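Undergrad: The following block contains the structure, expressed as C-alpha cells.
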Amino acid sequence: MKFDVIIIGGGLAGLTCAIALQQQGKQCAIVNNGQAAMDFSSGSLDLLSQLPEGSAVEKSAVENFAEIYPHFTKLLPHHPYTLLGKEQVLAKAERFEQLTQSLNLDLVGSSKENHFRVTPLGGLRRTWLSANSVPTLPLSQAEFPHKRIAVLGIEGYHDFQPQLLADNLKQNPQFAHCEINIGYLHIPQLDQLRNNAREFRSVNISQMLEHKLAFSELAQEIKQAANGASAVFLPACFGIDDQHFFNSLKQATGLNLYELPTLPPSLLGMRQRKALKTEFEKLGGVLLNGDKALRAEIVDHQVKALYTQLHQDDALYAEHFVLASGHYFSSGIVADFDRILEPIFDLDIIGYGDFDNDKRLSWTKDRFSAPQPYQSVGVKINAKCQVQKCGEILTNLYAVGSVIGGYNNLELGCSSGVAVITALTVAEQILAGGK
Ligand SMILES: Cc1cc2nc3c(=O)[nH]c(=O)nc-3n(C[C@H](O)[C@H](O)[C@H](O)COP(=O)(O)OP(=O)(O)OC[C@H]3O[C@@H](n4cnc5c(N)ncnc54)[C@H](O)[C@@H]3O)c2cc1C
C-alpha cells in the first residue's frame, strides 16, 4: 500500500498533523495500536504552565507565553519551542485554536494568556485550553462568580471525591467567599453497575445513561441535590461522544452545571480524540487501527518502507513518515535496564540537563518529587522536526508530540502544546515539499 504520508500514532499529535495534511489533499494513513494519552488526560490542553525548577526568574508560573519566551529559550535550548522559534509557536497555537473552533470542540482559552482550571482535587492549575463545561477562571479574577456551590458525587463511584474537592477548593483565595456543600446522586439506572466496583467507571456510567431513558428523573435528582446552589460541580460522567448530553442536562435543570475530570479514563479527553478521529476519516484519511509499526527500511537517509504487525511482508510505502508514537505511556519511548530508546527506528535520543543514556545513575534524582531526568528523554529533532539516526538526519522522517525529547513535559506542563505545534509545523513542512 502506498500513501503520501504515513503517520505512526493516532494521539493528539498524529491526528492533528494528519488532519492538516488531509485538508490540503495529501493522502495519509495513520498506523495506531492502542489508546492515546488524551483518553486519560484532563481534557485541558497545556501550552506552557511552568518554567523549570531553579529558574532565576521572578515568577516561574507562566501567565503569558510570549512574555516569558526569552527566559524560556535560555533555560531550555533543546525544547521544541526554542528550536521552532516564537513566531512559529504562536502562529501554530493560533491555528490550532481555529481548528478546534471549526470542529466545535467547545474549548475556551487563548495562547495570549493562561487561565486557571479547577482540578478534581480542588486545586487551581494553569492551562491553555479547557472545555467550556469545566470550571475555569481568568488568572486575574479575584473571585469565582458563584457564591453557593454544590459538589455532587455519585453513590458508590470512587473516581471522584466531593469532600476532598470541596475541602481543598476552599483553600484557594478565589473560592474563600464560597459556601461549598457536597452531596451524592443515586441515579437508580446505575444500580446494575454498582454490583461490580471495577466496572463502575466514567465510561460505563455514560454508556448506561446515553439513551436518556430516565433523563427527566436524573435532571430532577440533580436539582434536588443542588439544594439551591447556584453552581453545581459534577464528575465528567455524562456524555461519552461529545458534550450534548451534558448540555441537555444543563438546560433541563436550569442550573450552572460544571463537569470535572475524573480519575482516568477521562471522558473530556476521549470526546476530543473522537472529534479529531472523525474529522480525519471524514476528510478521507485511512486509519489502520489495531496495527503496530515494527521496523523500517532506510536507504540513503530516507525511510523507504514501514513494516507493521499486520504488514510484516507486504510493507507500507510513503514519501514522508511522521513519528507520533508518544512517550513511555504509549511505548513511543521505552526504557531497558541499561538504555532508553525509541523502539521502531532506534533514533538518536536526547534528555535535559545532566541526563546521560550510558550512565544509569543520571536517569533519576534521589528526591522522589524532583523532576526526573528520564522523563525528559525523547528523540532529537532539528528546527524542521526531522529526526536523526547515528548523527545523520533522516530527511523524510519527522517527529511530533511527546516522543520528542530535551525537556521535562511533566514539570513544564507543555505536552499538548508541543503535540499540536510540532504537528502543524510538520504538516507545513511536508506541504512545502519537505527535505
Ligand atoms: C495519563 C496522562 C494524562 C495527561 N494529562 C494531560 C492533561 O491533562 N493536559 C495536557 O495538556 N497534557 C496531558 N498529558 C500529556 C499528553 O501526553 C499530551 O497532551 C498529548 O496528548 C500527547 O500526544 P501524542 O500524540 O504525542 O502521544 P500519545 O497520545 O501518547 O499517542 C501516541 C499514540 O501512538 C501509538 N503508538 C505508539 N507506538 C506505536 C507503534 N509502534 N505503532 C502504532 N502505534 C503506536 C499509541 O498507541 C498512541 O495511540 C497527559 C499524559 C498522560 C500520559
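Undergrad: Of the options Asn408, Ala197, Thr119, report the single residue whose Cα projects farthest towards the positive end of the charge dipole of the chain (beta-carbon charges: Lys, Arg +1; Asp, Glu -1).
TA: Sorting the options by dipole projection puts first Thr119.
Undergrad: Exposure proxy check: Arg273, Arg117, Arg367 ranked by fewest other beta carbons within 10 Å?
TA: Arg367, Arg273, Arg117
Undergrad: Ranked by Cβ crowding within 10 angstrom, fewest neighbours first, how are Asp241, Asp348 ordered?
TA: Placing the least packed residue first, the sequence is Asp241, Asp348.
Undergrad: On to the next question. Over the chain, calculate the relative contact order: mean separation of alpha carbon pairs under 8 Å at least 6 apart, over the residue count, as a percent. If you can, show how the numbers build up before the last one.
TA: Values: 925 pairs, mean separation 101.6, N = 435.
With pairs under 8 Å counted, the relative contact order is 23 percent.
Undergrad: Cut-off 10 angstrom, C-alpha nodes, Gaussian network model of the chain. Which of Ile187, Ile149, Ile333 fluctuates the most?
TA: Comparing Ile187, Ile149, Ile333 in the GNM, the peak value goes to Ile187.
Undergrad: For every other residue with a beta carbon closer than 14 angstrom to the beta carbon of Lys274, add +1 if it is Lys or Arg and -1 if Asp or Glu, then tell me the sum.
TA: So the environment of Lys274 carries a net charge of -3.
Undergrad: Mean Kyte-Doolittle hydropathy of 1.0 or higher plus an axial Cα length of 20 Å or more: which whole DSSP H helices in the chain meet both?
TA: Working: long enough: 86-102 (24 Å, -0.98); 267-282 (22 Å, -0.90); 415-431 (24 Å, 1.42).
The answer, listed by residue number, is 415-431.
Undergrad: Among Val379, Val303, Val400, which one shows the highest mean-square fluctuation when the chain is modelled as a Gaussian network with alpha-carbon springs under 10 Å?
TA: With Cα springs under 10 Å in the chain, the top fluctuation among Val379, Val303, Val400 is at Val303.
Undergrad: Can you give me the relative contact order of the range 209-326 as a percent, contacts being Cα pairs under 8 Å and 6 or more apart?
TA: 16 percent
Undergrad: Next question, about the same structure. Determine which lysines satisfy two conditions relative to Lys2: a Cα distance under 25 Å, and not lying fewer than 8 residues away in the same chain.
TA: Reachable lysines: Lys26, Lys277, Lys282, Lys292, Lys304, Lys384, Lys389, Lys435.
Undergrad: Order of 64-72, 138-146 by packing, highest average Cβ count within 10 Å first? If you can, show how the numbers build up before the last one.
TA: On the way: 64-72: 16.3, 138-146: 13.1.
Most protected by this proxy first, the peptides run 64-72, 138-146.
Undergrad: With charges set only on the Cβ (+1 for Lys and Arg, -1 for Asp and Glu), what does the dipole of the chain come to about its Cα centre, in debye to the nearest 20?
TA: 420 debye
Undergrad: Rounded to the nearest 500, what is the 222 nm mean residue ellipticity of the chain from helices alone, with -39500 (n - 2.57) per DSSP H run of 4+ residues and division by all residues?
TA: So the calculated ellipticity at 222 nm is -8500 deg cm²/dmol.
Undergrad: Could you point to the residue in Gly290, Gln272, Tyr307 farthest towards the positive end of the range 271-314's charge dipole, with +1 and -1 charges on the Cβ of Lys/Arg and Asp/Glu respectively?
TA: Among Gly290, Gln272, Tyr307, the one farthest towards the positive end of the dipole of the range 271-314 is Gln272.
Undergrad: Please report the relative contact order for the range 197-262, taking Cα pairs under 8 Å with a sequence separation of at least 6, and give it as a percent rounded to a whole number.
TA: Reported as a whole number, the value is 40 percent.
Undergrad: List the residues, sorted by chain then number, that are 5 or more residues from Gln50 or on another chain and whose placed amide H is less than 5 Å from its amide H.
TA: Val62
Undergrad: Separation of the range 375-435 and the range 178-251 by C-alpha centroid, Å?
TA: The range 375-435 and the range 178-251 have Cα centres separated by 40 Å.
Undergrad: Take the alpha carbon atoms of the range 79-140, find their center, do the same for the range 279-347, and report the distance between the two centers in whole angstrom.
TA: So the two Cα centres are separated by 29 Å.
Undergrad: Calculate the dipole size of the range 1-83 relative to its Cα centre from +1 charges on Lys and Arg beta carbons and -1 charges on Asp and Glu beta carbons; express the result in debye to the nearest 20.
TA: 360 debye
Read-outs throughout are calculated quantities, based only on the coordinates presented, and are distinct from any laboratory measurement. Quick caveat, the model's predicted, so the values are computed rather than measured. So basically every Cβ, Gly included, is an ideal-geometry build from the backbone, and we count neighbours across all protein chains shown.
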